[in-house]
1. Going through the stretch A:288-306 one residue at a time, which ones are free of Cβ contacts under 8 Å to residues at least 24 places away in the same chain and either open to solvent by less than 20 Å² (accessible area, probe 1.4 Å) or farther than 20 Å from A:Asn35 by Cα (or both)?
2. Among the residues of the stretch A:217-227, which ones are open to solvent by 10 Å² or more (accessible area, probe 1.4 Å), within 11 Å of chain B (Cβ to nearest Cβ) and not polar (S, T, N, Q)?
3. Would you confirm, using the coordinates I've provided, whether A:Ser158 is more than 14 Å from every other protein chain (Cβ to nearest Cβ), among the polar types (S, T, N, Q) and either out of contact with any helix residue (DSSP H, G or I) (no Cβ under 7 Å at 6 or more places or on another chain) or under 27 Å from B:Arg303 (Cβ atoms) (or both)?
4. Looking at A:Leu81, is it under 23 Å from A:Val242 (Cβ atoms) and in contact with a strand residue (DSSP E or B) (Cβ under 8 Å, 6 or more places away or on another chain)?
5. Restricting the first residue to the stretch A:261-279 and requiring it to be on the phi > 0 side of the Ramachandran plot, which pairs with a second residue that is open to solvent by 10 Å² or more (accessible area, probe 1.4 Å) meet a Cβ separation below 6 Å and a spacing of at least six or different chains?
6. Determine the pairs where a residue that is free of Cβ contacts under 8 Å to residues at least 60 places away in the same chain and among the polar types (S, T, N, Q), located within the stretch B:93-120, has a partner that is part of a strand (DSSP E or B) and surrounded by fewer than 19 Cβ atoms within 10 Å (Cβ to Cβ) with Cβ atoms under 7 Å apart, the partner being 6 or more residues away or on another chain.
7. When only residues in the stretch B:187-201 that are within 13 Å of the chain's Cα centre (by Cα) and hydroxyl-bearing (Ser, Thr, Tyr) count, which is farthest from B:Val143 (Cα to Cα)?
8. Name every residue in the stretch B:259-310 that is acidic (Asp, Glu), within 12 Å of another protein chain (Cβ to nearest Cβ) and over 19 Å from the mean Cα position of the chain (by Cα), in order of residue number.
There are 2 protein chains.
Amino acid sequence: MGAREVGLPDVVPSSRELPSRVTIWEVGARDGLQNESVVVPVAVKLEFLDRLASAGLSVLEATSFVHPKWVPQLADAAELLDGLVQRPGVTYPVLVPNERGLDRALEAGVQHIAIFASATETFASRNLNRTLESQFEMFEPTVARALAAGMDVRGYVSMCFGDPWEGAVSRAQVVGVGERLLEMGCSQLSLGDTIGVATPGQVEALLGGFGDVSRLAVHFHDTYGQALSNTLAALRCGVTTVDSSAGGLGGCPYAESATGNLATEDLVWMLDGLGVETGVDLDKLVETSVWMAERLGRPSPSRVVRALGK
Amino acid sequence: MGAREVGLPDVVPSSRELPSRVTIWEVGARDGLQNESVVVPVAVKLEFLDRLASAGLSVLEATSFVHPKWVPQLADAAELLDGLVQRPGVTYPVLVPNERGLDRALEAGVQHIAIFASATETFASRNLNRTLESQFEMFEPTVARALAAGMDVRGYVSMCFGDPWEGAVSRAQVVGVGERLLEMGCSQLSLGDTIGVATPGQVEALLGGFGDVSRLAVHFHDTYGQALSNTLAALRCGVTTVDSSAGGLGGCPYAESATGNLATEDLVWMLDGLGVETGVDLDKLVETSVWMAERLGRPSPSRVVRALGK
């Protein structure tokens, strides 16, 4: 039963407060592919990025300068950036974990970077080999040098809504970590539900803990099916930048079609229906995700891709 | 990364209007199983219903008296009801398409029935072999006799948000069909997004078209990943009864793990997190859906079942 055969149904804006336009921060090529078990050739990644730009996405997180020992999927970062033909109007941020990563980013001529902080002690220790406090000693010189070089810096805050080792996470602690990053000079924070456990009341409460939502983005994983509802809650709080991953890339390797990030297609379907502009051509995007799923050898976990991508 | 190992994260009620309690109308045994390609033995169905009741679900749509020629999966309706041990405090409504179905329901001693109307001309024709208008000639004597026998009658309205043949559906037409069913004596309407295309603004607009939401329930399919967001929108409009299917049963047979109904587990996860009472024990429910998925020979499409059901 292809609803699209007779065109999309009604566009009905919400009667409640919603932004008129949302910027989608597409993380498929970085957060998506770094969590896929297949290592994708650099030529495929370049075509993927170009297809995403052609589908109207204007922010494409391209890769990461994390050490290849930790993320072999993105070991080709320098080669990828060397081969990247940047489209006008599109930005291609790169994740940079520390000063060594920044050196490589500077060398590659990158203009937008993102750093990756933890909201919890345990994840700081496990993911960064740092304490909650000492992570800032790593970020401070990184951000200072990036700003001095004229770069724009985004700060990710991970484990904002729950931590697999600690359970509930103190909102004050998340806000504290986020504000330190803003004070350092990050232009935007991306608040991440790294394990996908959040529900909409938590989202409202955390966003309400920040004085100003204009520099906040949200980053939801769909592990418990909550990503889109949480996004809706965030939009109602005034957030206008949403992270998502084309085709829902980023599923865990241990389960076929397990879910990682919020799928960009599912997000665009909702925003299209609400009359919220994204600039994205959904058909082109679905086509891209089908193409990528073929390269990864597993079906996309995106509901929209499964429904339309035939 | 099992978040449950350290207990559920924060329960954070929404700062916005939400009901304190939601009744889940569990449709897995009827709407779920009638759309599965495997025909499940009656003993398994009985165990399924008993496990669902034991998990705290208080409304279990048990089966349907649709002609077995159309729904062979539920051809055992009479046998099932004969074997059913009803738990106190649990209701077991049965779908009844017409007077012939009602005769069988009366014979089986059923106390709660549901009828199934179409909001669109094409679906009335294809599913009921009726026109939009003449479907009421079928329902009127059915409902009148059911009420005279002391039964409670729910009215489903299908294709409320989009129709695969007609596209957009007039809200006035949906409201008109619904109000006719209420006037006939239905105690509740279940507004169905049969093809899963709706977005939250549509939900708010349709619910706003009815004078009183207290007799409305919502029934979302997750084909485009929108079911939970639409449910959240409906709850904010004052709806307190939500249809869902344990494990997301009801996927189309052509695609492994394709999605049908909103999964009860994904709904309960959200409501638990929001502090909205449902009476459901999520762990027991997940266990039941894992058990049922084994019997169907395919993984559950519920995100929560996949994450927790290991």
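1. Residue satisfying the conditions is A:Arg306 alone.
2. Those that are open to solvent by 10 Å² or more (accessible area, probe 1.4 Å), within 11 Å of chain B (Cβ to nearest Cβ) and not polar (S, T, N, Q): A:His221, A:Asp222, A:Gly225.
3. So A:Ser158 does not fit the description; no.
4. no
5. Note: pairs meeting the criteria are A:Gly275/A:Val11; A:Gly275/A:Pro13; A:Gly279/A:Gly56.
6. Filtered contacts from the stretch B:93-120: B:Gln111/B:Asp152.
7. The extreme case among them is B:Thr194.
8. Within the stretch B:259-310, just B:Asp272 meets the criteria.
The values are calculated or read from the model by the stated rules, or taken from the named source; none is laboratory data. This is a predicted model, so every value here is computed, not measured. No Cβ is skipped: glycine too gets one built from the backbone with ideal geometry, and neighbour counts run over all protein chains shown. Note: accessible area is taken over every heavy atom of the protein model, side chains too, but ligands, DNA and RNA are not part of it. Shrake-Rupley method; radii C 1.70, N 1.55, O 1.52, S 1.80 Å.
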